[in-house]
Amino acid sequence: MKKYIIAIALVFGTGAVITSTLQSCSSIATSDLGLAVIKRVLLGGINKGMNIYGNKEAFLQNNLVDKALPKQLRDINSTLEKIAPSLVAKEREYIADAAVYTVNISRPILESAVNSLNAQDVSRIIQGEKGTATLILKEKTSQQLVAAIAPRVEQELNKYGIVKTINTALSGSNLLGSLLGGSKSNVNAGGLSMLASEQIVDGLFNIIEDHEKQNSASLLGPLGK
């Protein structure tokens, strides 16, 4: 790989400055400096996501979270819009309320995964497309996150009785039961909470990826990104 004249200065909270010059892309990818840059970007995205998830209104207004809505839940909401439009708004609010309670569960899992990144991960990030760092983080933690938050999400949704309300509104509809694993006219509570958990997790990764891409020029540009 071609040599690049590189001058990187990262100012951390302590005020310390790290400078590296005359390093190749491959050597940077395996260096402590390269790892520090990647961690800084990802931790910044995680913090941004947690701030959004900790604020109900911010969660509801974030299009990256809405973009993560699973197709099954989107189809369900489309049906609900025709029968009981106000119920869709309530469902979204209850999911937003549940998301607040997932922050303290998700943060340590994500931060631990970031801190466990190694030279091989960083090399893959340097050689990959923008967003690869988030992709690797998602590969390492996505299933763990869904499994960890789903019980709490189900607990919160059950507290609001949203499943029972949906079943009442959609009694006689064949769509919801087939989508959520219930009978032809009943929604399975676990199915709804799992879809909500998937949205919460995927929305978080959308936010982290967006942060990575927005900051790739200033923070990762010197590393060849």
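The values are calculated or read from the model by the stated rules, or taken from the named source; none is laboratory data. In this text, all values refer to a predicted model and were calculated from it rather than measured experimentally. All Cβ positions, even for glycine, are placed from backbone atoms using ideal geometry, and neighbour counts span all protein chains on display. Just so you know, the surface numbers come from the protein's heavy atoms only, side chains and all, with ligands and any DNA or RNA stripped out. Shrake-Rupley method; radii C 1.70, N 1.55, O 1.52, S 1.80 Å.
Quick one: what pairs do we get from segment 117-130, first residue outside any helix (DSSP H, G or I), second among the charged types (D, E, K, R), C-beta under 8 Å, 6+ apart or different chains?
117/39; 130/212; 130/213; 130/225
Could you list, ordered by first residue, the pairs with Cβ atoms under 8 Å in which the first is in segment 143-171 and of a type in the set (Lys, Arg) and the second is open to solvent by less than 80 Å² (accessible area, probe 1.4 Å), at least 6 apart or interchain?
Pairs that qualify, where the first residue is of a type in the set (Lys, Arg) and the partner is open to solvent by less than 80 Å² (accessible area, probe 1.4 Å), are 152/98; 152/102; 152/105.
Among the residues of segment 117-149 satisfying the criterion of being among the polar types (S, T, N, Q) and under 20 Å from residue 49 (Cα atoms), which is farthest from the chain's Cα centre (by Cα)?
132
Kindly provide the set of residues from segment 56-84 that are open to solvent by 70 Å² or more (accessible area, probe 1.4 Å) and not basic (Lys, Arg), ordered by number. It would help to see each step written out before you state the result.
Our first condition is that a residue be open to solvent by 70 Å² or more (accessible area, probe 1.4 Å); within segment 56-84, this holds for 57, 61, 63, 67, 71-72, 74, 81-83.
If the condition is that a residue be open to solvent by 70 Å² or more (accessible area, probe 1.4 Å) and not basic (Lys, Arg), then 57, 61, 63, 72, 81, 83 are the ones that fit.
Would you check if residue 108 is under 19 Å from residue 66 (Cα atoms) and out of contact with any helix residue (DSSP H, G or I) (no Cβ under 6 Å at 6 or more places or on another chain)?
Values: under 19 Å from residue 66 (Cα atoms): no; out of contact with any helix residue (DSSP H, G or I) (no Cβ under 6 Å at 6 or more places or on another chain): yes.
No.
Can you find, within segment 84-116, the residue that is farthest from residue 206 (Cα to Cα) among those that are in contact (Cβ under 8 Å) with a residue 40 or more places away in the chain and among the small types (Gly, Ala, Ser)? Please lay out each step first, then the result.
First, pick out the residues of segment 84-116 that are in contact (Cβ under 8 Å) with a residue 40 or more places away in the chain: 84, 87, 90-91, 94-103, 105-107, 110-111, 114-115.
Next cut, among the small types (Gly, Ala, Ser) only: 84, 96, 98-99, 106.
Numbers: 84: 29, 96: 16, 98: 18, 99: 15, 106: 15 Å.
Ranking the qualifying residues of segment 84-116, first place goes to 84.
Hey, any hits in segment 23-32 for a residue that's open to solvent by 30 Å² or more (accessible area, probe 1.4 Å), at pLDDT 95 or above and in contact with a helix residue (DSSP H, G or I) (Cβ under 6 Å, 6 or more places away or on another chain)?
Scanning segment 23-32, I find no residue that is open to solvent by 30 Å² or more (accessible area, probe 1.4 Å), at pLDDT 95 or above and in contact with a helix residue (DSSP H, G or I) (Cβ under 6 Å, 6 or more places away or on another chain), so the answer is no.
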